[in-house]
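*Asks:* Here it is, the structure, as structure tokens.
The values are calculated or read from the model by the stated rules, or taken from the named source; none is laboratory data. None of these values were measured; they are calculated from a predicted model. Please note: Cβ atoms are built from the backbone with ideal geometry, for glycine as well, and neighbour counts cover all protein chains shown.
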Amino acid sequence: MGKTAVPNRSATSPDSPDTGYRPSDHERERQRYRRSRKRRHTWVSTLCTLLGLAAVGAAAVASPGWERVDRLFFDGAELRSAFPDLLRGFWLNIQMFLVAEMLILVLGLLIALVRVTRAPGLQPLRLAATVYVDVFRGVPTLLLVFLVGFGLPALQLQGTPSEPWLLGVIALTLSYTAYVAEVFRAGLNSVHPAQRNAARALGLDERQTLRHVVLPQAVRNVLPPLLNDFIALQKDTALVAVLGPLEALRAAQIKADYDFNYTPYLGAALLFIAVTIPLTRFADRLQRRAARRTWAGADR
Amino acid sequence: MSRTRISLAASAAALVALAAAGCAPQPQNTPEAAGPEDASRCTTDSPSLHQSGRLTVATDSPAYEPWFDSNTPSNGKGFESAVAYAVAEKLGFERDQVKWVVEPFAHSYAPGPKAFDFDINQISITPQRAKAVDFSASYYTASQAILTLDGSPYAKATSLSAFKDARIGVQVATTSYQAVLDQLKPSKQPSVFSTTKDEVTALRNGQIDAIVTDLPTVFYLAGAELENGEIVGQFGYAGGTPEKFGLLLPKNSGYTSCVNEALGALKADGTLARLTAQWLSASANVPELKR
């Protein structure tokens, strides 16, 4: 094994062929140089980042209004007293997000599949899906929250939910399903027709082709925009505040407007960030792994 | 090596330039607070005014009855509009020298220069809030009241504890929220709405059982917005210290003492009592609720 691999690599090296690959002095020198350069880059970038932060911080602190801003936005006591309420509120945001998320994934995929079908008999369904996407993607989410939140119960139909958070989830689902359906459709269209033909040639039926060939590639291709929409959805759960439930934004608003101090808003913002940043990193990792699998090392 | 140094220097220079250009301190155009001995401080061209020669008064939009009339603060109708014009008159301003501006409540206590001389918007005076802004003396003392629909099981309630299992709606940034938590102690979390309009919709839809807000607003809602509203009763709040509305002024405004003098004069000559009776009457015979 070593015998076939080694000769062309170490053709100029003085090593005997039996001991396997050993980097030449030249190569070792090169590696040393790369290591030291990388170390220095790390140092320089860290130093620059710290200097930059210090400069921004110093500029903020040195500004004439800093004392006022510090008191109004960074009040530790205010944050501590608001935090339990913020956390309780944020838990509601998370619940709304998770429920809406599940519904949106299923419905979005269904609508996308309807839109990419070709069967002439499904034309009415395709038309309905198109109209749905056009309308609900075009209406601002806050308006939908108002319309569903106050309009649906006003119909006084049997079995209409009256819990505000549930109505909010319905509104968010209506809005975001439209976005996500378009993302899925883009993914489905991005899979080359040859893939489908190849799958059919291998003897897979229509359903198997979709399940094992088209969908996995489609989803993998649209993972980043999909996650974008979910982060946006997570933030937009705050819009449900207008219907009355005490989610994080409303909890912060109550405390802020009661004490005339903006610190609770900052606390709520931190909670949202604390969830979205790990989610983003996780998606980045998924994306990298998917890319590695698809390109199989061709990117190196 | 030289390249890193160059990029370091460049980024440092860029930062400095950015900080200098974008974040240069604003010129301070608000004059220093005039001392009380300064004779010119309460005239119509006082240096403490936002704009010399005119009184700039702020309130939120929409401006609700009975505090304002038809969302038009400048018509002098509604309690707070009338109070603002009365204060302006005492300060020596003509009616056409009063300029109304819209100031969202959440923005009224923001740091930085303000675009008004005072803000009148049913703002309750609290020591916490007084850290961020100036308050005038109080021009109205409000008690809380409970509104429900006349068919509701809560319509005949005679005590605050009867609302233990009710779904209560309050408006955000009002004292009512804390009053509900402390006095009604409901088992369900109150719903907090952005406007009283949303509260009324939720009450009509059956999404909440009762609205708690200040008494004059309850009167307005029962009279104008709901055809089958039922005012259950009123209760005092804030642990014995009643809820007092004050005019909001920028922190350390040199004009606060002037406004206070005007309000003092309005109280002394009975104008304030007359305006209260004219715009916020009919609140006398609402039963008092206890726990």
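*Asks:* Give me the residue from region A:50-61 that is touching a helix residue (DSSP H, G or I) at 6+ places or on another chain (Cβ under 9 Å) and loosely packed, with under 14 Cβ neighbours inside 10 Å and, out of that set, farthest from B:ALA110 (Cα to Cα).
*Replies:* Ranking the qualifying residues of region A:50-61, first place goes to A:ALA58.
*Asks:* Please go through region A:216-231 and pick out each residue that is part of a helix (DSSP H, G or I), of a type outside the set (S, T, N, Q) and in contact (Cβ under 8 Å) with a residue 24 or more places away in the chain.
*Replies:* A:ALA218, A:VAL219, A:ARG220, A:LEU223, A:PRO224, A:PRO225, A:LEU226, A:LEU227, A:ASP229, A:PHE230, A:ILE231
*Asks:* For the subset of region A:237-276 comprising residues that are surrounded by fewer than 22 Cβ atoms within 10 Å (Cβ to Cβ) and within 30 Å of A:LEU188 (Cβ to Cβ), which member is modelled with the highest pLDDT?
*Replies:* Applying the filter and picking the extreme gives A:VAL275.
*Asks:* If you don't mind, there's one more thing I want to ask. Of the conditions (1) among the charged types (D, E, K, R); (2) closer than 26 Å to A:ILE231 by Cβ; (3) surrounded by fewer than 19 Cβ atoms within 10 Å (Cβ to Cβ), A:ARG115 fails just one. Which one is it?
*Replies:* Evaluating A:ARG115 over (1) among the charged types (D, E, K, R); (2) closer than 26 Å to A:ILE231 by Cβ; (3) surrounded by fewer than 19 Cβ atoms within 10 Å (Cβ to Cβ) leaves (3) as the failure.
*Asks:* Of the residues that sit in region B:207-230 and are within 23 Å of the chain's Cα centre (by Cα), surrounded by fewer than 23 Cβ atoms within 10 Å (Cβ to Cβ) and in contact (Cβ under 8 Å) with a residue 24 or more places away in the chain, which one is nearest to the other protein chains (Cβ to nearest Cβ)?
*Replies:* It comes out as B:GLU225.
*Asks:* Hand me the list of helices (runs of 4 or more DSSP H) wholly inside region A:162-215 holding 1 or more residues that are under 23 Å from A:VAL139 (Cα atoms).
*Replies:* Hits in region A:162-215: A:164-190.
*Asks:* Considering each residue of region B:172-192, count those that are within 12 Å of chain A (Cβ to nearest Cβ) and of a type outside the set (S, T, N, Q), and give that number.
*Replies:* Going through region B:172-192 one residue at a time, the tally reaches 9.
*Asks:* Which members of region B:63-100 meet the condition of being within 22 Å of B:THR195 (Cβ to Cβ) and of a type in the set (S, T, N, Q)?
*Replies:* Correct list: B:SER70, B:ASN71, B:THR72, B:SER74, B:ASN75, B:SER81.
*Asks:* Is region B:154-163 home to any residue that is out of contact with any strand residue (DSSP E or B) (no Cβ under 6 Å at 6 or more places or on another chain) and either acidic (Asp, Glu) or within 14 Å of chain A (Cβ to nearest Cβ) (or both)?
*Replies:* no
*Asks:* Would it be correct to say that B:ASP134 is away from chain A (no Cβ under 14 Å), modelled with pLDDT of 90 or more, in contact with a Pro (Cβ under 9 Å, 6 or more places away or on another chain) and crowded, with 18+ Cβ neighbours inside 10 Å?
*Replies:* Criteria not met by B:ASP134.
*Asks:* Among the residues that make up region B:239-256, is at least one of them outside any strand (DSSP E or B) and hydrophobic (A, V, I, L, M, F, W, C)?
*Replies:* For region B:239-256, residues outside any strand (DSSP E or B) and hydrophobic (A, V, I, L, M, F, W, C): absent.
*Asks:* Search region A:148-177 for residues being surrounded by fewer than 14 Cβ atoms within 10 Å (Cβ to Cβ) and more than 11 Å from chain B (Cβ to nearest Cβ), and hand back the single one that is nearest to A:PHE97 (Cα to Cα).
*Replies:* A:GLY159
*Asks:* Could you say whether any residue in region B:199-206 is within 14 Å of chain A (Cβ to nearest Cβ), closer than 21 Å to A:LEU92 by Cβ and surrounded by fewer than 21 Cβ atoms within 10 Å (Cβ to Cβ)?
*Replies:* Yes; the residues of region B:199-206 include at least one that is within 14 Å of chain A (Cβ to nearest Cβ), closer than 21 Å to A:LEU92 by Cβ and surrounded by fewer than 21 Cβ atoms within 10 Å (Cβ to Cβ).
*Asks:* Next question, about the same structure. What is the residue count in region B:112-131 for residues that are free of Cβ contacts under 8 Å to residues at least 40 places away in the same chain and either surrounded by fewer than 18 Cβ atoms within 10 Å (Cβ to Cβ) or touching a His at 6+ places or on another chain (Cβ under 8 Å) (or both)?
*Replies:* The qualifying residues number 5.
*Asks:* Next question, about the same structure. Condition check: more than 14 Å from chain B (Cβ to nearest Cβ) and touching a residue at least 60 places away in the same chain (Cβ under 8 Å). Does A:ARG211 satisfy that?
*Replies:* No.
*Asks:* Within region A:239-279, how many residues turn out to be more than 26 Å from B:ALA132 (Cα to Cα), more than 10 Å from chain B (Cβ to nearest Cβ) and of a type in the set (A, V, I, L, M)?
*Replies:* 7
*Asks:* Additional query: Which members of region B:54-75 meet the condition of being part of a loop (DSSP other than H, G, I, E, B) and under 19 Å from B:PHE245 (Cα atoms)?
*Replies:* Residues satisfying the conditions are B:ASP60, B:SER61, B:PRO62, B:ALA63, B:TYR64, B:GLU65, B:PRO66, B:TRP67, B:PHE68, B:ASP69.
*Asks:* Still on this structure: Within region B:104-121, take every residue that is in a loop (DSSP other than H, G, I, E, B) and modelled with pLDDT of 90 or more and give me the one that is nearest to the other protein chains (Cβ to nearest Cβ). Before the answer, list the steps.
*Replies:* Taking region B:104-121 as the starting set, the residues that turn out to be in a loop (DSSP other than H, G, I, E, B) are B:104, B:109-117, B:120-121.
Among the residues that remain, those that are also modelled with pLDDT of 90 or more are: B:116-117, B:120-121.
Details: B:PHE116: 16, B:ASP117: 18, B:ILE120: 16, B:ASN121: 12 Å.
Ranking the qualifying residues of region B:104-121, first place goes to B:ASN121.
*Asks:* Within region B:239-257, can one find any residue that is over 19 Å from the mean Cα position of the chain (by Cα) and farther than 29 Å from A:PHE260 by Cβ?
*Replies:* Within region B:239-257 (the criterion being over 19 Å from the mean Cα position of the chain (by Cα) and farther than 29 Å from A:PHE260 by Cβ), the answer is no, since none of the residues qualifies.
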